[in-house]
Amino acid sequence: MISSEAVPFAKTGGLGDVAGALPLALGRLGHDVTVILPRYRGSEPALASTDRRVVPLGGRPFDVAFLVRPLGENARAVLVDCPELFDREGIYGWGITDHPDNPRRFALLSRAALEYIRDAGVRPSIIHAHDWPTGLAPLYLHTRFREDPLIGGVATVFTIHNLAYQGLYPPEWLPALEVSWDLFTPEGIEFWGRLSLLKAGINFSDVITTVSRRYAKEILTPELGFGFDGVLRRRAADLVGILNGIDEERWNPATDQLVPVRYTADSLEAKADCKRELLRAFGLRAETPDLERPVVAIISRLVDQKGFDFLGQVLDELPRLGATFLLLGSGDPGYETMWRQLAAGYPERVGVHIGFDERLAHLMEAGADMLLMPSRYEPCGLNQMYSLRYGTVPIVRATGGLDDTVRNYSEKSGRGTGFTFEQPSGAALLRALRRALRVYQHKDEWRALQQQGMRQDHSWDASAREYVKVYRRAAARHAAFRPTTAP
Ligand code: ADP
Ligand code: GLC
C-alpha cells in the first residue's frame, strides 16, 4: 500500500486513519501488508547517512533511506526518508499555501515505493495506492517498471478518498516527474490542459474504489463528480464503493486512555464526567445548569466541503437554541475567524479551539451529547462513526458515507441512530438540530437512541474482506489481459 498519510505517523484527516487501520485489518485476516509513506518532520528520527541510497527522478538524484516500523500482526510501515523533500513544516503545505514542489515530492514517494518493493525481492499480489499523491504509482508500473521481472504486471487498486483533490499541475512538470508527453492525453494524465495525478491513478489502475457505496454513485454525476464524472463513468464497471471501518481499539469508550472516564452502553452515566472535563477544557463553566445543557460538538477541517458556508447563514441562531456548541478544527482563515467571533460574542454558549488536537478530539467524542456534521459532500466521514461508538448522537446531512452510516431517527417508531437532513441549507440544518434537542429532553428515549448507535458494527473486519475481494478481482482481471513477465 502506498499513501501520503497513515496513523500513527502522519495524519491530516480520514486518509491517515484509513491507511493506518486497513493494513492492520488485512493483517488480522492473515494477509501480509506493507504500507509505504513519507517520513515527515517529527514523525520518526532520520536514519544514519550510511543507510542511504539514491533514487533518481526526472534526471535528478534523491538521497533516500527506508525506515521499517512494525504496525501489527503481519503489517508494517516503511517510511521513505528524503529530507530534501519531506523534512519541513506541513505535510502538504504550510498555512493555506501548498508546497510548490508537491508534484515532485509525491512522485518521488511513488517512485521510491516501487523501487523499495522491487528491491525487497518478493513480488506483491497487489499494489494499492490512495488519492492523488500516489496516483503516479500505477502509471509508473505501466511505464518505467513495465518490463521489470519482479513487479512488472502487478495488479493495482486505487482508492479515491476525496474527488475534489485532483493533484492538478501545469504540464511543464511532466519531464521532472518522468512522465512522457505521449501520456498527456485525456486517456492518460491530461485534464483540461493540466496534468492530474488523480487521473493517472484512475486511468492506470485495474480497479478503483471509493469509501462508501453512496459516494461511488454520487461521483458519477455532474453535481458531485467535480469534472471527473465522465472519466469515472468510462470506468464505472471497475468502480467499487467500500465503506471505511473504524479502528475499534483506538476509538473505544471502554478502553480509551485519552478520556478521563471509560464507559460502555450500560454505564452511559459516566459520560457526564467526560462532559464536565470537556467543558473545562474549553474554559466553560461545568456545573449545573451548564452541565445539563446539551453539548453539540464539531470536529472538522474548516473547509467548504464540511458545510461551513450554509452553517454560517444561521450561525447567530446557534447560541439561542439552548445548547452549548464546541468546535475543534482548523483550515480556511475565514471560517476560523467566523467561529472565533461567535465564541467571543457568546462566551458561555460557544467554545472554539482552532488547531489539530487528537486528545481533545477523543474527549469531545466522549463528552459531547451530539456531533454535528453538515457536509456538502462526504466520501465516507469517520467522526460520525466514532460518535456512534461513543454514544454521541450524530446530526448529519444525508450525503455520501454519512447517509450510509447514520439512520434518521423516527420519533414514532423509536428506531434510528441519529438525525439527518437533505437540503444543504441553514434552515434544514436548524430543523434537524431542533429535532435532536427535542428528543434530548426525554432522557429514556435519548438513552435508547444512544444505545442503538453504540450497537452498530463499524469494525474494519467486514470492509477488509471487501477489499480482499477487490484485490482478487483486480489480480484476476490483470492476469487475463496482461500476462505478467514475473518468474
Ligand atoms: P476528512 O478526512 O474529510 O477530514 P473524516 O471524518 O474522514 O474527514 O476524518 C477526519 C479525521 O480527522 C477524524 O479522525 C477526526 O477526528 C480528525 N480530525 C479532524 N479535524 C481534527 C482536529 N482539528 N483535531 C483533531 N482531529 C481532527
Ligand atoms: C477523505 C474524505 C472523508 C473520508 C476520508 C477517509 O478525507 O473527505 O469523507 O472519510 O477521506 O476515507
| task | Inspect all residues belonging to segment 3-20 and state whether any of them is surrounded by fewer than 15 Cβ atoms within 10 Å (Cβ to Cβ), assigned to a loop (DSSP other than H, G, I, E, B) and of a type in the set (A, V, I, L, M). | result | no
| query | Assuming residue 419 fulfils every condition listed in (1) part of a helix (DSSP H, G or I); (2) under 25 Å from the mean Cα position of the chain (by Cα) apart from one, which condition is it? | reply | (1)
| note | Picking from 256, 238, 247, the residue that is more than 14 Å from ligand 1 (Cβ to nearest atom) and buried (at least 18 other Cβ atoms within 10 Å of the Cβ) would be 238
| request: Being among the hydrophobic types (A, V, I, L, M, F, W, C), modelled with pLDDT of 95 or more and within 16 Å of ligand 2 (Cβ to nearest atom) narrows it down to one of 314, 396, 352, so name that one. | output: 396
| said: Quick check on my filter: what residues within segment 81-99 are under 23 Å from residue 68 (Cα atoms) and not in a strand (DSSP E or B)? | reply: 82, 83, 84, 85, 86, 87, 88, 89, 90, 91, 92
| said: Consider segment 311-332. How many of its residues are hydrophobic (A, V, I, L, M, F, W, C) and outside any strand (DSSP E or B)? | reply: 6
| task | Any residue in segment 1-27 that's basic (Lys, Arg): show its pairings with residues that are outside any helix (DSSP H, G or I) at Cβ separation under 7 Å, as long as the two are six or more apart or on different chains. | result | 11/5
| field | Test for residue 285: is it more than 16 Å from ligand 2 (Cβ to nearest atom), buried (at least 16 other Cβ atoms within 10 Å of the Cβ) and within 17 Å of residue 363 (Cα to Cα) | value | no
| note | Reported set for segment 398-416 where residues are part of a loop (DSSP other than H, G, I, E, B), away from ligand 1 (no atom under 14 Å from the Cβ) and without any contact (Cβ under 8 Å) to a residue 24 or more places away in the chain is 407, 410, 412, 413
| said: Against the condition assigned by TED's automatic domain parsing to the domain that holds residue 472 and not small (Gly, Ala, Ser), how does residue 7 come out, does it pass? | reply: no
| query | Can you name every residue in segment 87-108 that is closer than 16 Å to residue 39 by Cβ and surrounded by fewer than 24 Cβ atoms within 10 Å (Cβ to Cβ)? | reply | 87, 88, 89, 90, 91, 92, 99, 105
| query | Restricted to segment 175-205, and to residues that are among the charged types (D, E, K, R) and in contact with a Pro (Cβ under 8 Å, 6 or more places away or on another chain), which residue is nearest to residue 137 (Cα to Cα)? | reply | 190
| Is it the case that residue 376 is over 16 Å from residue 13 (Cα atoms), of a type outside the set (A, V, I, L, M, F, W, C) and within 16 Å of ligand 2 (Cβ to nearest atom)? | yes
| field | Where residue 31 falls short, out of the listed (1) closer than 30 Å to residue 333 by Cα; (2) part of a loop (DSSP other than H, G, I, E, B); (3) of a type outside the set (Asp, Glu) | value | (1)
| Which condition number in (1) assigned by TED's automatic domain parsing to the domain that holds residue 163; (2) more than 16 Å from ligand 2 (Cβ to nearest atom) is the one that residue 226 fails? | (2)
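Listed here are the residues, each with its yes/no results for (1) aliphatic (A, V, I, L, M); (2) outside the structural domain of residue 425 (by TED's automatic domain parsing); (3) without any contact (Cβ under 8 Å) to a residue 12 or more places away in the chain; (4) under 30 Å from residue 244 (Cα atoms).
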residue	(1), (2), (3), (4)
290	no, no, no, no
308	no, no, no, yes
370	yes, no, no, yes
380	no, no, no, yes
| task | Take segment 219-234 and flag every residue that is outside any loop (DSSP other than H, G, I, E, B) and either free of Cβ contacts under 8 Å to residues at least 24 places away in the same chain or touching a Gly at 6+ places or on another chain (Cβ under 6 Å) (or both). | result | 229, 230, 233, 234
| message | Looking only at segment 235-259, how many residues end up being in a loop (DSSP other than H, G, I, E, B) and in contact (Cβ under 8 Å) with a residue 40 or more places away in the chain? | response | 13
| So is residue 111 surrounded by fewer than 24 Cβ atoms within 10 Å (Cβ to Cβ) and at negative phi or not? | no
| request: Return the only residue of 79, 108, 71 being in contact with a Cys (Cβ under 7 Å, 6 or more places away or on another chain) and closer than 20 Å to residue 16 by Cα. | output: 108
| query | Looking at 64, 55, which one is free of Cβ contacts under 8 Å to residues at least 60 places away in the same chain, surrounded by 15 or more Cβ atoms within 10 Å (Cβ to Cβ) and part of a strand (DSSP E or B)? | reply | 64
| note | Across segment 317-344, the tally of residues that are of a type in the set (D, E, K, R) and within 16 Å of ligand 2 (Cβ to nearest atom) stands at 1
| Does at least one position in segment 433-445 carry a residue that is within 16 Å of ligand 2 (Cβ to nearest atom) and part of a loop (DSSP other than H, G, I, E, B)? | no
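The values are calculated or read from the model by the stated rules, or taken from the named source; none is laboratory data. In this text, all values refer to a predicted model and were calculated from it rather than measured experimentally. In this analysis, Cβ positions are derived from the backbone assuming ideal geometry, glycine residues included, and neighbour counts consider all displayed protein chains.
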